[in-house]
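One structure below.
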Amino acid sequence: MIGLSGHGLLELGAYQSYFGGTLTDEALSENALSAALAGVPEL
């Protein structure tokens, strides 16, 4: 959570949700995963 922005200020809501037990897992379809990965450049 902290690693995405580097300073932690934007993740405070995520911490509240996590510790409050209100986070939910959402399934990611193979098509959605493939589409997301298609935009990632290879190094």
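Quick one: is residue 12 surrounded by 10 or more Cβ atoms within 10 Å (Cβ to Cβ), modelled with pLDDT of 90 or more, not in a loop (DSSP other than H, G, I, E, B) and not polar (S, T, N, Q)? Lay out the reasoning, then the answer.
Working: surrounded by 10 or more Cβ atoms within 10 Å (Cβ to Cβ): yes; modelled with pLDDT of 90 or more: no; not in a loop (DSSP other than H, G, I, E, B): yes; not polar (S, T, N, Q): yes.
For residue 12, the condition - surrounded by 10 or more Cβ atoms within 10 Å (Cβ to Cβ), modelled with pLDDT of 90 or more, not in a loop (DSSP other than H, G, I, E, B) and not polar (S, T, N, Q) - is not met.
For a quick check of your reading of the model, give me the residue pairs whose first member lies in region 12-35 and is of a type in the set (Phe, Trp, Tyr), whose second is outside any helix (DSSP H, G or I), with beta-carbon atoms closer than 8 Å and at least 6 apart or on different chains.
Going by the 8 Å Cβ cut-off, the qualifying pairs are 15/1; 18/1.
Do we have any residue at all in region 21-29 that's in contact with a Ser or Thr (Cβ under 7 Å, 6 or more places away or on another chain) and modelled with pLDDT under 90?
Initially, region 21-29 is screened for residues in contact with a Ser or Thr (Cβ under 7 Å, 6 or more places away or on another chain), giving 23.
Next, from what is left, pick out any that are modelled with pLDDT under 90: 23.
The answer is yes, given that some residue of region 21-29 is in contact with a Ser or Thr (Cβ under 7 Å, 6 or more places away or on another chain) and modelled with pLDDT under 90.
The values are calculated or read from the model by the stated rules, or taken from the named source; none is laboratory data. Predicted model, so just to flag it, every value in this text is computed and none were measured. We place every Cβ from the backbone using ideal geometry, glycine too, and count neighbours over all the protein chains shown.
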